[in-house]
1. Do the conditions hold for B:ASP186, that is, is it assigned to a loop (DSSP other than H, G, I, E, B), open to solvent by less than 60 Å² (accessible area, probe 1.4 Å) and more than 23 Å from A:PHE310 (Cα to Cα)?
2. If B:THR98 passes every condition in (1) within 30 Å of B:ILE4 (Cα to Cα); (2) surrounded by fewer than 21 Cβ atoms within 10 Å (Cβ to Cβ); (3) at pLDDT 95 or above but one, which one does it miss?
3. Could you list all residues from region A:120-130 that are closer than 24 Å to A:LEU79 by Cα, open to solvent by less than 20 Å² (accessible area, probe 1.4 Å) and under 13 Å from the mean Cα position of the chain (by Cα)?
4. Using the structure shown, decide if B:ALA198 is under 27 Å from B:LEU127 (Cα atoms), among the hydrophobic types (A, V, I, L, M, F, W, C) and crowded, with 23+ Cβ neighbours inside 10 Å.
5. Of A:SER16, A:SER69, A:SER31, which residue is within 30 Å of A:HIS244 (Cβ to Cβ), at pLDDT 85 or above and polar (S, T, N, Q)?
6. Among the residues of region A:140-156, are any over 18 Å from A:SER106 (Cα atoms), within 13 Å of chain B (Cβ to nearest Cβ) and open to solvent by less than 20 Å² (accessible area, probe 1.4 Å)?
7. Given the criteria under 20 Å from B:THR280 (Cβ atoms) and touching a residue at least 60 places away in the same chain (Cβ under 8 Å), does B:GLU243 qualify?
8. Within region A:267-285, is there a residue that is under 19 Å from the mean Cα position of the chain (by Cα) and closer than 30 Å to B:VAL159 by Cβ?
Protein chains: 2
Amino acid sequence: MPTINDIAVRLGVAKSTVSKAMNNADDISESLRKKVLETAVEIGYEKNRNKKNSPRKLCILVENMDYKSPSGFGHDLVLGFEQMAVPAGWQTEAVAITKEMQAEISYDVFMLSSHYEGAFILGLSLLDPWMEDLKTSKTPAVLYDNYIQDNPLVSYVGVNNTEGFKMAVSYLKELGHTRIGYLGGDMNSFISRERYQAYLHAMAQHGLDTDETLTGHSYFVSECTQKFLPVLLAHQATAILCEHDHLANSVMLHCVECGYRVPEDISIIGFDDAAISAFTQPPLTTIRQNRNALGRCGYYALASLLNQTFISSLLLRAELVVRESAGKAK
Amino acid sequence: MPTINDIAVRLGVAKSTVSKAMNNADDISESLRKKVLETAVEIGYEKNRNKKNSPRKLCILVENMDYKSPSGFGHDLVLGFEQMAVPAGWQTEAVAITKEMQAEISYDVFMLSSHYEGAFILGLSLLDPWMEDLKTSKTPAVLYDNYIQDNPLVSYVGVNNTEGFKMAVSYLKELGHTRIGYLGGDMNSFISRERYQAYLHAMAQHGLDTDETLTGHSYFVSECTQKFLPVLLAHQATAILCEHDHLANSVMLHCVECGYRVPEDISIIGFDDAAISAFTQPPLTTIRQNRNALGRCGYYALASLLNQTFISSLLLRAELVVRESAGKAK
């Protein structure tokens, strides 16, 4: 196993310099510190993290998602993870991350410099710099709703979208719907791709046709409601599946503005069962993912990776929560 | 929650009769006992299994698979499961099952009558009677290498076959192979279907053609080697992926009998990393699944189901184990 000495030899500096750099000493320049950390990652150095009885640390990295307020989408994911990790003796830290920060420091160097042994990562898009890093990273990571094909040190936890959409389409078909549309985010998100594929798959399984007049994708909710929704309505969609509940809520509001009644004229189903969904007008029928359980499973997957058990994916069942936004086809 | 009294009322017998039937008393006929158990399952009765400090029990149901000898395919699956379950306070029992027994007694009734709270089930084919029962069963079950779409009380654990075949095809392509064949079992096995699809997917991803002269399927290994293998060889296959290692071993033996050298004339890759695979002639390159880890994950999934966390699937990474049965294309 590589030692501090190997880093010193590689960089042609004293062992004490490397040690100072690793421990954030004041008299080491930022550029040297960065070089030391990058070399440490490169040669596979693993800090003895139990030294001096310091606590062992895991982090929860969150981009673009509220996790502090109880109604925030990430709240229960973080809570579930911590409910498992803390009793097991880990210190956990939730850290908000940005694209800019990812571009500045690689994932492995960030983890090593902050003394984290593993990460639970929420909210990365496919364009995030660390998605590239994770293809070859050496520090265990569990991704919520993202998948890295070739690195056994990275696991994917999420909900089974295929099952979720199958339930929703089956439910709508029983209500008499055949023109079932779909609105979702752009294709720079793993989960947007997955859910769109799940919609297409469910429609095909139920023998229902799909075409471009029935679907729309945009990063912007307003583009979905103003550009695509009118097309779907003009082409006799009687029900619309939305990639997530906030989009579903906007779609419902927009339908009402345009003179359509929900669910009498048009049925809407969301995905996630977000905090808002029981309180929309009408209360939203949606496909639920149990985010507390996903956080707990995220910890299990990370503990497994740290224990050399390489989980590729762990998917929970989706659950159809029937409220009032979907009804019989006209 | 339904009680013994509900069963008594439903059947028009005394409560004491139901109680005797549930506790295997001698003076109750087998047919009445069966009726009591079936009614209990039907109305959702759950025995108070902690009564009288009796141990809580899980079972490992095994069909058509050796699990007693250390070299048996099921051995490490059972061991891994027990290594997690027993320290957690469960009593476990491994039980060999047959199609005949499944036809006689439903899964739920079997579980209730034997006081098992959940099952880890190995080796069922798609034609097994209990595969039908499991679509609506009420007793938590984790299936190794089988998947039930619509019942949240049933989880699937296994290895990621798609990743496994992608690694194998990628490895063969780097060795110069383009005519890569496939031999596997019949389509009455979930895992045979999965692996064949994984082969087709991997070939397509690598831009390689497949056709019926390159693939063969049979429940019988001898049909694969005697009927299909000659077709593959006659159609210039330079490498063959086999669904499992015992088939790969037979294919290698047959190739040698027909005057082909392995790997000089034909490369063979298996799947599973069975006990035999390091000792075949030549030692077999194969896609490994960590069966001990799968047994451990099987316990985790079952404990999760018992705790109302509904895992749909938990897949481990596959690993390519390079030995000597695959080499450069001629």
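1. So B:ASP186 fits the description; yes.
2. Condition (1) is where B:THR98 drops out.
3. Listed by number, the residues that qualify are A:PHE120, A:ILE121, A:LEU122, A:LEU124.
4. When the stated conditions are applied, B:ALA198 passes them.
5. Exactly one residue qualifies, and that residue is A:SER69.
6. yes
7. yes
8. yes
The values are calculated or read from the model by the stated rules, or taken from the named source; none is laboratory data. Since this is a predicted model, take the numbers as computed values, not measurements. Neighbour counts are summed over all protein chains in view; Cβ atoms, including those assigned to glycine, are modelled from backbone coordinates with ideal geometry. Surface accessibility is based on the protein's heavy atoms, side chains included, excluding ligands, DNA and RNA. Shrake-Rupley method; radii C 1.70, N 1.55, O 1.52, S 1.80 Å.
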